[in-house]
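As structure tokens, the structure follows; a few thoughts come after it.
Every number in this text was worked out from the coordinates using simple rules, so none of it is lab data. What you see is a predicted model; the values in this text were computed from it and never measured. Cβ placement follows ideal geometry from the backbone for every residue including glycine, while neighbour counts extend to all protein chains displayed.
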Amino acid sequence: MAQLQTATVQDWITRFGAAVAENREWLTELDSAIGDADHGANMARGMSAVVEKLGTGASENIDELLKVVGMTLVSSVGGASGPLYGTFFLRVGAGVGAVSEVDGPTFATALRAGLDGIVARGKAELGDKTMLDALAPAVEAWEAGTSEGADLVEVARAAAAAATAGRDATLPLIARKGRASYLGERSAGHLDPGAASTALLFDALSTAISGTS
Ligand code: ADP
Ligand code: MG
């Protein structure tokens, strides 16, 4: 596969919604250890609103579709994660533009814009034990794979593996951003909930691109 179509992007978002719903309890457990136990509920509420909205009409292009995703997350999720994920999807959409298919390198640029949007909004740095610690390695893997001209199925698999490794690497970290930072050293020894949901996001993308379940 060399291009991502609007339908693949819609499939990505739908699969992410299903993954969040399936993993709601786990995300809540992670957030109960170092936060306020609402990340599962926040993401499930936001993504079920997104999936419902997408079901009411097909978007013609990728920008339009991701704008619906981003705006819905910003307006339906109260926690920090809503505006951060919302910003991500809005920026990725704007980076792709009003087209119905996008190639791997252009999508890499769009993912990078999404990541930059999260940094601009949340001011986190790598190693602060946030969603960024899963997102940044995934975007880097996407950039590296597409610059070498790898097939998108392979690129997406590598990005998902990088996100999962990034999630796991948050375990020993001390949180420096968000609610978990209030715990100081006691935040070490737990996975970051936002990094966990970001790993689900890239897993869903890989599954949508490879067309398997
Ligand atoms: P809240 O913290 O408001 O309860 P959630 O529980 O839904 O919101 O989301 C928490 C997650 O948000 C954290 O695990 C972390 O990954 C992410 N997060 C929090 N603050 C920031 C930030 N400033 N930058 C990036 N990610 C952040
Ligand atoms: Mg929370």
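Magnitude of the Cβ-charge dipole of the range 3-210, K/R +1 and D/E -1, about the Cα centre, nearest 20 debye? Working shown, then result.
Values: 16 positive and 26 negative charges, 126 e Å.
Rounded to the nearest 20 debye, it is 600 debye.
I need the calculated FRET efficiency for the pair A188 and A144, taking r as the beta carbon distance and R₀ as 35 Å, to the nearest 0.05.
It comes out at approximately 0.75.
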Charge dipole (the chain, unit charges on Cβ, about Cα centre) - positive-most of S81, A19, G93 | S81
Rounded tilt (10° steps) of 39-55 against the dominant C-alpha axis of the chain = 20 degrees
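Using Cβ contacts closer than 10 Å as the measure, can you line up M71, M43 from fewest to most?
Values: M71 15, M43 32.
With the sparsest Cβ surroundings first, the list reads M71, M43.
About its Cα centre, what dipole magnitude does the range 94-213 give when the only charges are +1 on Lys and Arg Cβ and -1 on Asp and Glu Cβ, stated in debye to the nearest 20?
On the way: 10 positive and 15 negative charges, 138 e Å.
Rounded to the nearest 20 debye, it is 660 debye.
Set the Förster distance to 22 Å, then compute FRET efficiency between I174 and E125 from the Cβ-Cβ distance, nearest 0.05.
Details: r = 13 Å, r/R0 = 0.58.
Efficiency for this residue pair is about 0.95.
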So, in nm, how far is label K53 from label S32 when the simple model puts each one 7 Å beyond its Cα toward the Cβ?
-> 3.0 nm
Could you tell me how many degrees, from 0 to 90 and to the nearest 10, lie between the Cα long axis of helix 152-168 and the main elongation axis, the longest principal axis, of the Cα atoms of the chain?
-> 10 degrees
In degrees rounded to 10, the 0-90 angle between helix 193-210 Cα long axis and the longest Cα principal axis of the chain is 20 degrees
